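Notes for the one structure printed next.
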């Protein structure tokens, strides 16, 4: 008998200070995250505990993703800390 998961999995790599906010994160391995099928970037960030006000740049499919862009099962996702400051 086969068990079918209703979740999709994405491989996440975190950069900058975002690494310290996710428990059990190993920078050399990344993080395998299970999210509902059809989940958007904003859903992944919420799952990781990264608020929209904190900000993050998400790269997947070779491009910068918007909050409502859908993710694909099995795709690698890079999440970068936004940099603020200056005058």
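FYI, it's all coordinate maths here, none of it is from the lab. Just so it is clear, the model here is predicted, and its values are computed rather than measured. Positions of Cβ are generated from backbone atoms using ideal geometry, with glycine treated the same way; all protein chains shown enter the neighbour counts.
Per-structure values
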| quantity | calculated |
| --- | --- |
| Segment 28-61: number of residues that are touching a helix residue (DSSP H, G or I) at 6+ places or on another chain (Cβ under 9 Å) and under 12 Å from residue 79 (Cβ atoms) | 9 |
| Filter result (more than 10 Å from the chain's Cα centre (by Cα) and not in a loop (DSSP other than H, G, I, E, B)) within segment 75-87 | 81 |
| Count - residues of segment 67-87 that are over 14 Å from residue 9 (Cα atoms) and in contact with a helix residue (DSSP H, G or I) (Cβ under 7 Å, 6 or more places away or on another chain) | 6 |
